[in-house]
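Take a look at the structure set out below.
The values are calculated or read from the model by the stated rules, or taken from the named source; none is laboratory data. Note that this is a predicted model, so its numbers are computed, not measured. Heads up, the Cβs are rebuilt from the backbone with ideal geometry, glycines too, and the neighbour counts pull from every protein chain shown. Accessible surface is based on the protein model in full, side chains and every heavy atom, while ligands, DNA and RNA are left aside. Shrake-Rupley method; radii C 1.70, N 1.55, O 1.52, S 1.80 Å.
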Amino acid sequence: MYYPLDQQSLLDYVRKSSVVTQILGEKDDLKAVDLAEGNINLIFRVYSERDPIARSVLIKQALPHSRRYPQFKIPLDRARIEYEALQLEARYCPDQVPRVYHYDPEMHLNVMEDMNRHI
């Protein structure tokens, strides 16, 4: 069942996800930061306090509407389209796009590589 995540519900979601916890390690020392400055997606950085640079991911969740204008509806399926586009781009230029670790079609979210070390 879809619901928009906040920092606490996101951490609950991550702790239940074996895919994400394999990347981040221990479930008890995780932190989430809301990075969303946009209007149509929720974007969070989730990281391990023990190693915040090497053990972090970005989680991007589609919203069904604009934040500023809730009456403006937007299809949630764009999260799937982004996932498929990133998979295609990774096939041709894998060093140029973030790796997608997990796509959740029910929650309309992508868990992807944090490019915090990108030069």
* Asked: Around ASP51, with a cut-off of 11 angstrom between Cβ atoms, what is the net charge of the other residues, counting Lys and Arg +1 and Asp and Glu -1?
  -> -1
* Structure fact -> Candidates LEU88, LEU30, LEU11; GNM for the chain (alpha-carbon contacts under 10 Å) flags as most fluctuating LEU88
* Structure fact -> A student applying the Cα gyration tensor rule (rounded when a/c is under 1.5; otherwise prolate if a/b is larger than b/c, oblate if not) would label the stretch 1-93 oblate
* Structure fact -> The answer for the net charge of residues other than GLN96 whose Cβ lies under 15 angstrom from its Cβ, with Lys and Arg +1 and Asp and Glu -1, is 0
* Global form of the stretch 1-42, assessed from the alpha-carbon gyration tensor, a/c cut-off 1.5 -> prolate
* Return the whole-Å distance between the Cα centroid of the stretch 2-24 and the Cα centroid of the stretch 51-78. => 14 Å
* Structure fact -> Summing -39500 (n - 2.57) over every DSSP H run of at least 4 residues in the chain and dividing by its residue count gives a helix-only mean residue ellipticity at 222 nm, to the nearest 500 deg cm²/dmol, of -8000 deg cm²/dmol
* Treat each spin label as a single point 7 Å out from the Cα along the C-beta direction, and report the ILE43 to ARG117 distance in nm. => 2.1 nm
* To do: Give me the percent of the accessible area of the stretch 22-103 that comes from carbon and sulfur atoms, probe 1.4 Å, all protein chains in place.
  => 51 percent
* Neighbour-limited loop hits for trypsin sites (Lys or Arg not before Pro), the stretch 26-85 (at most 14 other Cβ within 10 Å; DSSP other than H, G, I, E, B) -> LYS27, ARG50, ARG67, ARG68
* To do: Would you pull out the residues with amide H under 5 Å of ARG99's amide H, same chain only if 5 or more places away, H placed 1.01 Å from N?
  => GLU113
* Among the chymotrypsin sites (Phe, Trp or Tyr not before Pro) in the stretch 1-85, which ones are in a DSSP loop with at most 14 other Cβ atoms within 10 Å of the Cβ? Mind listing them? => TYR2, PHE72
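Rolling a 1.4 angstrom probe over the protein heavy atoms, how many square angstrom per residue are accessible across the stretch 1-49?
Normalised by residue count, the accessible surface of the stretch 1-49 is 56 Å².
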* Structure fact -> A chain fully extended from ALA36 to CYS93 at 0.36 nm per residue, minus the present Cα-Cα distance, gains in nm 17.9 nm
* **Segment ILE74-GLU26, extension gain: residue separation times 0.36 nm, minus the distance between their alpha carbons** => 13.7 nm
* In straight Cα distance, which lysines are under 24 Å from LYS31, not counting same-chain residues fewer than 8 positions off? -> LYS16, LYS60
